[in-house]
Structure formats: structure tokens, C-alpha cells
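Bear in mind these aren't lab numbers, they're just calculated from the coordinates by the rules spelled out. In this text, all values refer to a predicted model and were calculated from it rather than measured experimentally. Cβ: placed from backbone, ideal geometry, glycine included. Neighbour counts: every protein chain shown.
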Ligand code: 3PZ
Ligand code: ZN
């Protein structure tokens, strides 16, 4: 029997929980090593493409308040006693990456003193080779990637002992191909992406077992074409991003961060052929809601940071024309604080540096 669903309206599309045919056999949804069904035939993507063309000629696009955002980023850095800097204190290395990459996207990299930043980054390095979120803190793969990325941004990778940093990252790979975030051992596919991304920037992918790393990631495929954080969708304690899947009455971990990380890790390692692009593309394009924003899961509110996770995932699997870029840009522009700079998760919320970065990045990719 072929699955040929009726054409849905956009609000019905965002409400539909599960893009799979109802006759999809139950047993194959539970195991980690499953055969995926052929993607359901849908009508909407070509329709969406046509709508996009019409829209792009009708919608007069607004602009980013670029100068305000630059001022905002510099101000966050200076206000050491604010709530924001208290939050960012232990993850300042990530904050530096978000802020500095935003400046770079806005073509304003030279408003900061790169020597001062590089000096501070090197003070965050631990004898193990890994980097901490700030001076005197413990190293973690999360901050190690941000340190590498900021140095790459300023074209200063030469200050690194590349062998030492790459040995630290490679040392976090486990027997089964997965990666831990630090010596304490928490495993997550996000760390797989971080390791693969960092090592590829350093041109040291040969230091890990790439085949096992890829096999681990594809063992985390969910039945809806997405990816979870552990094989077979089994949860591990502390993971909060679960999606209830009524058909199998189970919670599957399915966070957009993980979908992005798995797809990006497979893209870097040349293993994207393992992704069912139509199936994942469907799940991703259903994340767009009426306002034009993208959510992380069915029934959730849109959030600017998903603009990046969803848009870049769709771009990697060649399905970015399945959403309306114009509407997305409108949503992102609506989340700007046009007076004091910065971008929030959704209109009228408080701005922060994380959403400022992902908003500018999303707008840049969509435009
Ligand atoms: C935010 N972190 O755990 S966090 C982050 N979130 O370090 C930074 N969208 O409360 C800022 N939600 C704001 N400045 C939020 C980074 C999270 C993501 C939370 C968030 C974003 C919706 C709820 C996890 C890359 C790196 C880290 C993450 C995701 C991707 C918070 C809450 C959490 C965090 C920091 C501050 C202000 C900023
Ligand atoms: Zn967000």
C-alpha cells in the first residue's frame, strides 16, 4: 500500500505529530538496527517551493540592526557584574565564540583586540591539552571546540600545540566509537560532533577511529528520520529532551541539537548517505510554525536558535527549500531589540548573546 496523504494546510502540518504512514510496522520502530521504509510521497515540498518564489517577490525584507548588535556584544563583555556575565562565567569560552563569530558575520571582527583574546584563551588551556570555560576551571570538549574555533576565526591556529589538543580530543573516544565530554565520561552524540568538528579544523581526523565514530552515530537513528543521543533511542539519566511518540508509546530522545550534531558529524566525515534525507527533511520542515519561526519539537513554541539547527541541517541534506526562508527571516528580525541591540529566543523576550549569534547566523544562511 502506498502512502499518499492529502495536502495539508500549514497549521495542520505543524500540528501533525508524526510524518509516517500508519501501516508502518510497529516492531521495526524499537530496535536500533532497523531498516527504514521508503520516504512517504508528499505534495507539499514542490508547493512550498512555488510559494517561496511568490513570497520572495512580495515580501519586502527588513534588515538586521547590525550596529546595535555590535554595541550589545561589546557591552556584554564589559558588564562584568550583570546577570548575563554571571551566567556566562563558567562558559565564557562558548560566549566568546558566540560573540566573536557574530562580529565576524557582521564584518566587524576588528572592533576587538585579537591578541588580548588569544592570550586569555591560552590561559584557559589545561595541561591535558583540553580547554576550560574560563581561567582556573576544568577542561571539557565543549570549550575545547570553542577555543579552536575562535583561534581559527582569527587565523591563529599556529599558537596551538596541535598534537597536544588533538590527542586530548582523541583520548575521549570510547571503545564503541562514542565520545565522552571530559574525564568524567558522560556520553552524548553532541560530543561526537564536537570531536569530529574540532579534529577536522585541526586536520587530525586520522587520530580517531572514524568508522566506529560514524557507526555509533548511525546506531542512534530514530525511526522518524531524526537522531537521538544514545543507540536505539534508549535514554540516559539527565537527558531532558524527549519526545513522546504515541505510536509506540515511548519517549524518544529527539532534540534538535542532536539532529544537527549527528547530521553535521556525518557531513564532515562524508557519511551523509546514511541519512534518509526525505524522511528527516519532512520532520525538519514541519518545525516551521505560522509565525515563520522554527520549533525544536512538535507543539512547542518557536525559538530563534532553532533557526540555525534546523536551517543548517536542512541545508546539509539539500532540503532547505522545504521551508519558507522569507517567513523565517521575518521571525528572526522580529526578535531583535532594535533599541539596545541583541536578539531574543522569541519576540519580546530578553535578549542574550547565544540567541544573538544564532539569529544572525540563521539570517545569514537564510538570506
Ligand atoms: C542557552 N546553554 O546550558 S546553557 C545557552 N541555552 O549553557 C546560553 N534556547 O539561561 C544562553 N533554551 C542562553 N547567553 C540560553 C547555552 C544551553 C542553551 C538554553 C536555551 C536556548 C532555549 C532553554 C545548551 C550549544 C551550547 C549549549 C546549549 C546548546 C547549544 C541559560 C540556560 C542554559 C544555558 C545557559 C544559560 C540563561 C546565553
Ligand atoms: Zn533558544
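A few notes on this one:
- Remark: the residue 128-residue 71 segment gains 16.9 nm on full extension, using 0.36 nm per residue and subtracting the alpha carbon distance.
- Dividing the mean sequence gap of close Cα pairs (under 8 Å, 6+ apart) by how many residues the range 253-322 holds gives a relative contact order of 38 percent.
- Computed FRET value (nearest 0.05) for residue 47 with residue 299, which takes r as the C-beta separation and R₀ as 30 Å: 0.80
- Global form of the range 282-367, assessed from the alpha-carbon gyration tensor, a/c cut-off 1.5: prolate
- Per-residue extension of 0.36 nm, minus the Cα-Cα distance of residue 274 and residue 291, leaves a gain of 2.9 nm for this segment.
- Whether the range 257-325 is rounded, prolate or oblate, judged on the alpha carbon gyration tensor where a/c under 1.5 counts as rounded: prolate
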